[in-house]
Structures are given as structure tokens and as C-alpha cells.
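Take a look at the structure below.
Derivation of every value follows stated rules applied to the coordinates shown; laboratory data play no part. Small disclaimer: the values here were computed from a predicted structure and weren't measured. Neighbour counts run over all protein chains shown; Cβ positions are idealised from the backbone, glycine included.
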Amino acid sequence: MSDDKELDLRSSIKNLKSVVKTLDATNFNFNLNAVKTFADKIDVKTIEKRPLEEDLETLLEKFLRGARNFSRQELKNLPYIIYKPEITLNHVKEIWNAMDVHNKRHLSGVISVYLQKHDDSPKTDFLRQNLNSMKYDGFSQRLKKIFEARDKFFSNERFTNMAKLFAQKLSIYDSLETIGLSGFYKTSNFIVEALKLFFRSNIASLSGQMKLLTELDTEYDTYKNIFPAIADALIQKVYHGGQFKTQCIKIFYRRLGDPRFGNGSFNWQTVSPKSRDIFSHWLSEEDLETFFRIVAETTNDEQWDYREKFWRKYLPYITNTWIFLARDARRYAVQSNLNHGILKNGNGNQAVFVFQIRKYIFSEWSNVGKVRAHDLSHSEKFFGSDELNGEFIRKNFVDGWVHFPHGGANCWQDKVRTWIRANC
């Protein structure tokens, strides 16, 4: 492909991506991620012109048997076998010497492989040091940008410098364009490691990190593999910073699920126990607030103030929580970021808040209903379930208390408190 045609193609792709951003900004009902993916694939197949895997296997076999009569195409493809398991560091040095690294296409291949496969291996370090010592005097504007930003690609502080660029631009695409990379590299090993450092470090403000997270969230399918690492870093920062909790819950609950049960138990496996505990506590707190908000909108009875104050004191000891809503009560939960189950055999606006304290499950009803303690063996019925029959609650409990009277030595609060102290 001639340079003029390549520049025309790049310009067309850039225009296409601009249209995507415009459609996105106007909330056009359109599969924008598919268009972005299509544009990036054009970058890969036409501009990057990556070799076919079968061609690389043939080249690898030829190289390993000692043949060195490479064609022009094979010389161009040599960088793409560097990270094959059979290739040693000495082989990498031989490949480097066999290529003309000042040739635009040879050099592009080396840099592409370096970014895509970047790791802590001696192979990567050899490529990094040699690329860092190079001077590029060619005509490729993309390569010129890369070598002008060599401190972000090849220096010992490369990831820190990339994280600083993300902090400056607060956009993956703008950052990549600044240093001469196409969107194809947005999920390369190199960029992924730089993104992890960006969220782990304090290079950017918490508000800046949340802004970049929003961009990653719009392309979740692209970045989903690093969301657990991002969650691990940001949850603790949000917890200590006291800001962005609602946004944090909304994004990570939607993307990773509930860490306490269901598919979320698997999605959160690589997140540290401390971050999981903080997030689980947030979910319990939001469930409690959702429940009592529903209560406040469906009854004028002042007893609910007493109930909320009583159970809020137990939040530090509550682990799992879940809410079941009858038909009419569901409309009062629209402000919640969380999912809820369906309550069957309950009045239209009734809700049931279930929660675990140590080895017992408690159920608290809106409107008329006892607070009951249930055996933990019923946990599958109560937590993460799509629906719950109200009759099951009424028939399967180990103890229960009517919410009366509100004061005095024999009030329900004292009875429940005494029972919890004795049994939990």
C-alpha cells in the first residue's frame, strides 16, 4: 500500500471514529461499540497488516531448523515470532540483527510486538533497551511520534510516564493519538499495565480516575479483564476519600455483580478481601436504605424510625443482604442501583428486608409483620434469589418478635438485642 493511500485510509478511519463519538454524544440508538470495533479492525488488518498465524508457524519452523535465506516478507514477519515459547533470548538477538530495524515496516513490526506482548521477560528488556538507543530519521509520522515520546515507551519509568499522560488527557484515545498509537493498541499488554498503575497510584486525582473509568466503562467488553484490578484500587480510595461511592457502586455492581453470591462470587475472586468487604458493606447499607425508603413512602407509622435506627447500629455486623418486593412496591425502588427479588404472597406494596448476622438470617417486613430469625441452612432461599414466597418466611423461622411496644423494659428492641447477643 502506498503512503498516500495509507494516509487516506487513516483519515477515513479517523472520520468514522469522529462520527461514532458524535452519535454517542447524542445518545443515538445505535450499536456504537460495534462500529468502534469495526474501525479498530480496519486499523489492524489494513494498516498494521499483521501476518497470518499459519505463515508465522511456517516461519518459526524454518528459523528453528537453521535456514536463514529469508524472503522480504519473511524478514518483515520475523518480529512476530519473538514471543513464541521456542524462541530464546539468543534467537531474539539473531532476529534483531537479521532485520533492517531502520526500515519502516520492520521497525513497526518490532514496536507492535513489543507493545502487544510486553512482559517482564529478558526478551522484552532486550527490545526495550535497543529501541531506546535508536534514533529514527524516517518519514513515518507515527514512528516519529513514538520516538519523540520514547520516555513513555522505552525508559525505566515508562509506565509511570504513561500514567502521567493518562492523568493529563483523561482519555485513552486522546493519549494514544498523542504518542502515535492507533486504537488497536488500547488493550495491548503495555497499555493495560500502564492503566493498572494509573488507578493504583496517586498520579491523578480521584475525580480524574473516575472520569477515565467512565470512558473504560463505555467500552466494558474491551477492558473487562482489568476491571477487577481497577475495582480493587478505586474502592479503597473512594472509601477513604468519602467521594464517588454511588458512582463506584453503580459501575462495579453492574459490571462485576454482587461479590457475596451469584456470578459475582467468581468475578470478584481476584479483588482483595479488604476491597470486597468494603463493597459488600456498601451494598448492605444501600439495601437497608432502599428498604426504609420504600417503608417511608408506603406508611405513615412512626415505628419505622425506631426500626431503622435499631438495625442501622448492626450494619457493621451484617454480611449478606437482599430485598424482596411485592408488585406495587417495586416502583419505589427505582432509585436503587441494586437488583431485588420478587415477593410472592405479600400485599401489593409490601417489602421484606433479609440480612445475615453470623449464623442466623433475619427478615424484617414493611407494614404489618414480625421480625424473624431463620436458620442459615435456608440461605439459598434468601440471598440472590429471584423470588421468595411470603409463606416460607412465616413458616420457617426459629424465633420471632412483634414490633411492640416501642419503649419500656420489655420492648421489642430489648428482646431482639438480647437474643442476638446470646445467639450471634
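Taking all Cα pairs closer than 8 Å and separated by 6 or more residues, the relative contact order of the range 278-423 comes to 20 percent. Rounded to the nearest whole angstrom, the semi-axes of the ellipsoid equivalent to the range 92-138, taken from the Cα gyration tensor as √(5λ), stand at 17, 11, 10, largest first. Using θ = phi - 60° in the Karplus curve 6.51 cos²θ - 1.76 cosθ + 1.60, the 3J(HN,Hα) couplings for the range 370-383 round to 7, 8, 10, 9, 10, 6, 5, 5, 8, 4, 5, 6, 9, 10 Hz; x is entered for Gly and Pro. To the nearest 10 degrees, how steeply does helix 189-200 sit against the main Cα axis of the chain, on a 0 to 90 scale? Approximately 40 degrees, to the nearest ten.
In the calculated pair-distance distribution of the range 82-225, the portion above 23 angstrom amounts to 37 percent of the Cα-Cα pairs.
Each residue of the range 94-108 is assigned a 3J(HN,Hα), and the resulting list reads 5, 5, 4, 6, 6, 8, 9, 5, 8, 6, 3, 6, 5, 5, 4 Hz, derived from the Karplus form 6.51 cos²θ - 1.76 cosθ + 1.60 (θ = phi - 60°), x at Gly and Pro.
Which value in Å does the Kirkwood hydrodynamic radius of the range 158-231 take, with 1/r averaged over all unlike C-alpha pairs and then inverted? Could you put the intermediate results ahead of the total?
Values: mean 1/r = 0.0831 Å⁻¹.
Radius from the Kirkwood sum: 12.0 Å.
Extension gain, F404-I342: 0.36 nm per intervening residue step, less the Cα-Cα distance, totals 19.6 nm. Note on E289, E86: ascending count of other Cβ atoms within 10 Å places them as E86, E289, the fewest first. Among I361, I393, I146, the largest mean-square fluctuation in a Gaussian network model of the chain (Cα springs under 10 Å) belongs to I393.
Assign one of three labels to the range 133-186, namely rounded, prolate or oblate, based on the Cα gyration tensor with a ≥ b ≥ c the square roots of its eigenvalues; rounded applies when a/c is under 1.5, prolate when it is not and a/b is larger than b/c, and oblate otherwise. Working shown, then result.
On the way: a/c = 2.44, a/b = 1.30, b/c = 1.88.
In terms of gyration-tensor shape, oblate.
The computed Kirkwood radius over Cα pairs in Å for the structure shown corresponds, within (i) 24.5; (ii) 25.7; (iii) 21.4, to (ii). By definition, a body whose alpha carbon gyration tensor gives a ≥ b ≥ c is oblate when a/c is 1.5 or more and a/b is not larger than b/c, and the range 283-348 fits this oblate description. Shown here for the range 136-216: GluC sites (Glu not before Pro) in loop regions (DSSP other than H, G, I, E, B) with at most 15 other Cβ atoms within 10 Å, namely E157.
With a/c under 1.5 counting as rounded, go ahead and sort the range 278-423 into rounded, prolate or oblate using the C-alpha gyration tensor (a ≥ b ≥ c being the square roots of the eigenvalues; past the cut-off, prolate if a/b is larger than b/c, else oblate). Verdict is rounded for the range 278-423. With contacts taken as Cα pairs under 8 Å and at least 6 residues apart, the chain reaches a relative contact order of 8 percent.
Among M134, M210, M99, the largest mean-square fluctuation in a Gaussian network model of the chain, built with springs joining Cα atoms closer than 10 Å, belongs to M134.
Here the Gaussian network model covers the chain, with springs between Cα atoms less than 10 Å apart; of S71, S201, S108, S71 fluctuates the most.
Near V371, the amide H atoms lying under 5 Å from its own belong to W401, H403; only residues 5 or more places off or on other chains count, and H is placed 1.01 Å from N.
Based on a Kirkwood Rh over C-alpha pairs, give the Stokes-Einstein translational diffusion coefficient of the range 312-372 at 4 °C and viscosity 1.567 mPa s in µm²/s. The estimated diffusion coefficient comes to 106 µm²/s. Mean residue ellipticity, 222 nm, helices only, the chain: the sum of -39500 (n - 2.57) across DSSP H runs of n ≥ 4, divided by residue count and rounded to 500, is -16500 deg cm²/dmol.
Fewest Cβ neighbours within 10 Å first, please rank S182, S133 accordingly.
Working: S182 20, S133 9.
The order, fewest Cβ neighbours first, is S133, S182.
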